[in-house]
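For reference, the structure discussed in these notes is given below.
The values are calculated or read from the model by the stated rules, or taken from the named source; none is laboratory data. For clarity, every value in this text was computed on a predicted model and none was experimentally measured. In this analysis, Cβ positions are derived from the backbone assuming ideal geometry, glycine residues included, and neighbour counts consider all displayed protein chains.
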Ligand code: F6P
């Protein structure tokens, strides 16, 4: 196994708070081990265009606290083609780069897996996505910040909901998974949570609302994951309003607010640990793997599993959320 000497790091897919902390950790760990380290600007698109620059210790100073990604990011269509990947490979070779750390979600991992096999090139993935939907890790970089942002927003919305006796439907991100919605719902004490994994029916919600009204129980916050099976928050809100025109219904879509902002301590530490471990993995000659954290230990999962297997929601949490919303 050839020892890596020059590695590159890039971010790809949706940005996530903590990506900068991961980049900083990769760069500093690499420099500590006397490697040359490069940043690829703009994810896979940047790799295809040869947008690659050498990074030194000062380039990652003062970024640990910043949201977004200083290396920029993109969802690349060209990297899905062989021609695109070949151009990317040639650019890595032109810079004598012999290993990469890819920070992103499922799409990023898929690209890294295909590329790594096609060109026998060492790739190590770090889970950078607010969605927390990556198999092989308890937490992804950005999730903790995103749920804290969402909970802070819901706390504020609750003031108006309480003051006006209004029923608010708050939509959070999560096209395919309900991690953000579930944790935001539990953490904000919501009355109901709609997530893609369970088919909560609108009829059941309407019945719960009726019961709450009879018991004079305050029930004014429902969290909706954007990808849930009954439509978006606006659609669900409309149906509930039709069932009972007396409800004073409002909808708030938190949207990209959840993706920005300074990372929480948890995300900064997690990103630092994972960035550090990714360089050690490359030094050990490991590749074709995604790193994760399970029970507070850094773990390794082959890209094949990380990409194909589904990370399931904790059923006990789903049940508990129902109980607490009584
Ligand atoms: O990063 C994942 C995610 O946040 C999803 O939850 C959301 O559906 C999507 O990104 C939005 O992506 P974009 O910024 O490309 O609109």
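Summary of computed values
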{"item": "Yes/no for residue 222 being within 23 Å of residue 315 (Cα to Cα) and away from the ligand (no atom under 15 Å from the Cβ)", "result": "yes"}
{"item": "Which listed residue, of 62, 91, is in the same structural domain as residue 16 (by TED's automatic domain parsing) and farther than 25 Å from residue 267 by Cβ", "result": "91"}
{"item": "Unique residue being within 15 Å of the chain's Cα centre (by Cα), at pLDDT below 95 and within 16 Å of the ligand (Cβ to nearest atom) when the list is 231, 255, 227, 260", "result": "227"}
{"item": "Strands (runs of 3 or more DSSP E) contained in region 1-104 and holding at least 3 residues surrounded by fewer than 15 Cβ atoms within 10 Å (Cβ to Cβ) and within 16 Å of the ligand (Cβ to nearest atom)", "result": "none"}
{"item": "Criterion violated by residue 109 - all others in (1) on the phi < 0 side of the Ramachandran plot; (2) in contact with a strand residue (DSSP E or B) (Cβ under 8 Å, 6 or more places away or on another chain); (3) not in a helix (DSSP H, G or I) satisfied", "result": "(3)"}
{"item": "Residue 298 vs. criteria exposed (fewer than 15 other Cβ atoms within 10 Å of the Cβ), touching a residue at least 24 places away in the same chain (Cβ under 8 Å), outside the structural domain of residue 159 (by TED's automatic domain parsing) and more than 16 Å from the ligand (Cβ to nearest atom)", "result": "no"}
{"item": "Given (1) touching a helix residue (DSSP H, G or I) at 6+ places or on another chain (Cβ under 7 Å); (2) loosely packed, with under 15 Cβ neighbours inside 10 Å; (3) assigned by TED's automatic domain parsing to the domain that holds residue 64, index of the condition residue 278 fails", "result": "(2)"}
{"item": "Selection status of residue 144, in contact (Cβ under 8 Å) with a residue 24 or more places away in the chain, within 22 Å of residue 26 (Cα to Cα) and away from the ligand (no atom under 16 Å from the Cβ)", "result": "no"}
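Yes/no matrix, rows are residues, columns are (1) more than 16 Å from the ligand (Cβ to nearest atom); (2) within 17 Å of the chain's Cα centre (by Cα); (3) under 18 Å from residue 313 (Cα atoms); (4) at pLDDT below 95:
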{"site": "171", "(1), (2), (3), (4)": "no, yes, no, no"}
{"site": "184", "(1), (2), (3), (4)": "no, yes, yes, no"}
{"site": "191", "(1), (2), (3), (4)": "yes, no, no, yes"}
{"site": "196", "(1), (2), (3), (4)": "no, yes, yes, yes"}
{"site": "202", "(1), (2), (3), (4)": "yes, no, no, yes"}
{"site": "206", "(1), (2), (3), (4)": "yes, no, no, yes"}
{"site": "211", "(1), (2), (3), (4)": "yes, no, no, yes"}
{"site": "236", "(1), (2), (3), (4)": "yes, no, no, no"}
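Residue by residue, here is whether (1) within 11 Å of the ligand (Cβ to nearest atom); (2) crowded, with 23+ Cβ neighbours inside 10 Å; (3) within 19 Å of residue 209 (Cα to Cα); (4) not assigned by TED's automatic domain parsing to the domain that holds residue 219 holds:
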site	(1), (2), (3), (4)
151	no, no, no, no
158	no, no, yes, no
162	no, no, yes, no
175	yes, no, no, no
